[in-house]
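Scroll down for the structure; my scribbles are underneath it.
The values are calculated or read from the model by the stated rules, or taken from the named source; none is laboratory data. In this text the structure is predicted, and so the values were computed from the model without any measurement. FYI the Cβ positions are ideal-geometry reconstructions off the backbone, even for glycines, and counts take in every protein chain you see. Note: areas computed on protein heavy atoms with side chains; ligands, DNA, RNA excluded. Shrake-Rupley method; radii C 1.70, N 1.55, O 1.52, S 1.80 Å.
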Amino acid sequence: MWRLRAPARLRRQLAASSGLRGGPSLAQEQLKSEGKPQKQICQVVLDHFEKQYMKELGEAWCTVREVLTSPLCWQYAVLLNKFSCSSDLENNLHLKGYHRLFQETLPYLPGSLKCYISRTPGRFPAQKHQIGKLKEYYLLNAASLLPVLALEIKDGERVLDMCAAPGGKSIAMLQCASPGHLHCNEYDSLRSSWLKQTLESFIPEPLMNVITLSELDGRHIGDLHPELYDKVLLDAPCSNDKSWLFSSDIQQATIRLIQRKALSALQVQLLRSAIKTLCPGGSVVYSTCTLSKAENSDVISHILNSCSNVLPVDISELANVVSDEFTLVAGVQPHELLVLPARGKAWGPMYVAKLKKM
């Protein structure tokens, strides 16, 4: 999560709001097991979402609300680590009712990317971090793989993951291809430490030589590294809908909602910076884990209307192919997609858009 320079309180609140993108949110981790009291829905946040999302999503919000407010129906995908995965693990997943995600032919789907999902709610047992031993799999929201697939990374390319913590999307990128250089950046020092540990848990030591870790302000990376990268992923700090709904501090939740308006300005600044880092012909994928139009399509529209050297990239083929596994909003632009959580397909929220630098 990027910390704003001022005021300090806003930096802290934005950091808290980001949740754990690409993995289980803090709220999910804190939920009590079935049969015990669960964390309560924050009514202030729910009321705010009701007003905004009924207007933006219409009747679709009713289904989304049911899933977001029912953690026991949430699902988790199992992303296999090609550097340490065993055949026994895949057999075990099959026995437990998991099936391979992305069985259809996608525009970009490396054979080395293997992810398994189950139709039933629940979570495969997590593996603990052990120094010197690689984990076999990573648990994540399956929709988190869509930005990586949209980026279409090729071997040898220079890639920037601008907002990389906790590291799930960086791990997924390295399952897809062998970049010539992967720059994983995270401005917040605590989240950066978390990112480093994630990479150490999944990536063999020799491959770490092509990975750079940094704690740069994403808004300045474009000036520091102009036209350096072939591909950039900006999984932007956003108002994490799942996490916010379970805010335990009503006062903090109220402050978050007030400060929510500041996020779109930050996202625009980060996206401008990402575009600066691209070589001509390079592409950037912008993603969030919120349903908010102001943080999603409005940000992309602002960039397209104000940057003459950027064009939208059609990802509708990707959207069409994955529509069997994900519930997508209809009527979006060809360069974007929005995943809505649904029962049996409790993935998302996840917004994805792709742009190309001329």
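Please verify whether Lys169 is in a loop (DSSP other than H, G, I, E, B) and either of a type outside the set (S, T, N, Q) or surrounded by fewer than 22 Cβ atoms within 10 Å (Cβ to Cβ) (or both), treating the condition exactly as stated. Break it down stepwise before answering.
Values: in a loop (DSSP other than H, G, I, E, B): no; either of a type outside the set (S, T, N, Q) or surrounded by fewer than 22 Cβ atoms within 10 Å (Cβ to Cβ) (or both): yes.
Here the answer is no, as Lys169 does not meet what is asked.
Taking Ile211, is it over 19 Å from Ala353 (Cβ atoms), open to solvent by 10 Å² or more (accessible area, probe 1.4 Å) and not aromatic (Phe, Trp, Tyr)?
Details: over 19 Å from Ala353 (Cβ atoms): yes; open to solvent by 10 Å² or more (accessible area, probe 1.4 Å): yes; not aromatic (Phe, Trp, Tyr): yes.
Answer is yes for this residue.
Each row is one residue, and each column tells you yes or no for (1) open to solvent by less than 60 Å² (accessible area, probe 1.4 Å); (2) of a type outside the set (D, E, K, R); (3) in contact with a strand residue (DSSP E or B) (Cβ under 9 Å, 6 or more places away or on another chain); (4) under 21 Å from Trp194 (Cα atoms).
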| residue | (1), (2), (3), (4) |
| --- | --- |
| His94 | no, yes, yes, no |
| Glu104 | no, no, no, no |
| Tyr116 | yes, yes, yes, no |
| Ala126 | no, yes, yes, yes |
| Ile131 | no, yes, no, yes |
| Glu136 | yes, no, yes, yes |
| Leu140 | yes, yes, yes, yes |
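For (1) open to solvent by 50 Å² or more (accessible area, probe 1.4 Å); (2) within 18 Å of Leu233 (Cα to Cα), each residue gets a yes or a no:
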{"site": "Thr290", "(1), (2)": "no, yes"}
{"site": "Lys293", "(1), (2)": "yes, no"}
{"site": "Asn296", "(1), (2)": "no, yes"}
{"site": "Ser316", "(1), (2)": "no, no"}
{"site": "Asn320", "(1), (2)": "yes, no"}
{"site": "Val332", "(1), (2)": "yes, no"}
{"site": "Leu338", "(1), (2)": "no, yes"}
{"site": "Trp347", "(1), (2)": "no, no"}
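Tell me which of these Leu140 doesn't satisfy, since it passes every other one: (1) farther than 22 Å from Thr327 by Cβ; (2) touching a residue at least 60 places away in the same chain (Cβ under 8 Å).
(1)
Looking only at segment 184-203, which residues are farther than 14 Å from Ala236 by Cα, open to solvent by less than 10 Å² (accessible area, probe 1.4 Å) and in contact with an Asp or Glu (Cβ under 7 Å, 6 or more places away or on another chain)?
Leu195
What number of residues in segment 309-326 are of a type in the set (Ser, Thr, Tyr) and touching a residue at least 40 places away in the same chain (Cβ under 8 Å)?
First, pick out the residues of segment 309-326 that are of a type in the set (Ser, Thr, Tyr): 316, 323.
This time we only want the ones that are touching a residue at least 40 places away in the same chain (Cβ under 8 Å), so: none.
The number of residues fulfilling the criteria is 0.
Looking at segment 214-236, which of the residues that are over 29 Å from Ser292 (Cα atoms) and among the hydrophobic types (A, V, I, L, M, F, W, C) is least open to solvent (accessible area, probe 1.4 Å)?
Restricting to residues being over 29 Å from Ser292 (Cα atoms) and among the hydrophobic types (A, V, I, L, M, F, W, C), the top hit is Leu228.
Can you find even one residue in segment 196-217 that is in contact (Cβ under 8 Å) with a residue 40 or more places away in the chain, closer than 26 Å to Leu278 by Cα, among the charged types (D, E, K, R) and assigned to a strand (DSSP E or B)?
Looking for residues that are in contact (Cβ under 8 Å) with a residue 40 or more places away in the chain, closer than 26 Å to Leu278 by Cα, among the charged types (D, E, K, R) and assigned to a strand (DSSP E or B), one finds none in segment 196-217, hence no.
Can you pull out every residue in segment 44-94 that is free of Cβ contacts under 8 Å to residues at least 12 places away in the same chain and not in a helix (DSSP H, G or I)?
Gly58, Glu59, Ser70
List pairs: first in segment 103-122 and free of Cβ contacts under 8 Å to residues at least 40 places away in the same chain, second surrounded by fewer than 14 Cβ atoms within 10 Å (Cβ to Cβ) and charged (D, E, K, R), Cβ under 7 Å, 6+ apart or cross-chain?
From segment 103-122, the pairs are Tyr116/Arg100.
Give me a count of the residues in segment 331-352 that are touching a residue at least 40 places away in the same chain (Cβ under 8 Å) and touching a Leu at 6+ places or on another chain (Cβ under 8 Å).
Looking only at that region, the number is 10.
For Glu325, work out the one condition from (1) under 22 Å from Leu68 (Cα atoms); (2) not in a loop (DSSP other than H, G, I, E, B) it doesn't fulfil.
Of everything listed in (1) under 22 Å from Leu68 (Cα atoms); (2) not in a loop (DSSP other than H, G, I, E, B), Glu325 misses just condition (2).
Would you mind finding the one in Ser248, Ser239 that is open to solvent by 40 Å² or more (accessible area, probe 1.4 Å), more than 30 Å from Met358 (Cβ to Cβ), in contact with a Lys or Arg (Cβ under 9 Å, 6 or more places away or on another chain) and part of a loop (DSSP other than H, G, I, E, B)? It would help to see each step written out before you state the result.
On the way: Ser239 fails: open to solvent by 40 Å² or more (accessible area, probe 1.4 Å).
Criteria check complete, one pass: Ser248.
Which numbered condition trips up Cys163, out of (1) open to solvent by less than 20 Å² (accessible area, probe 1.4 Å); (2) in a helix (DSSP H, G or I); (3) under 27 Å from Asn296 (Cα atoms); (4) not small (Gly, Ala, Ser)?
(2)
Just one of Tyr229, Tyr286 is within 17 Å of the chain's Cα centre (by Cα) and within 23 Å of Lys356 (Cα to Cα); which is it? Outline the logic, then answer.
Details: Tyr229 fails: within 17 Å of the chain's Cα centre (by Cα).
Just a single option satisfies the conditions, and that option is Tyr286.
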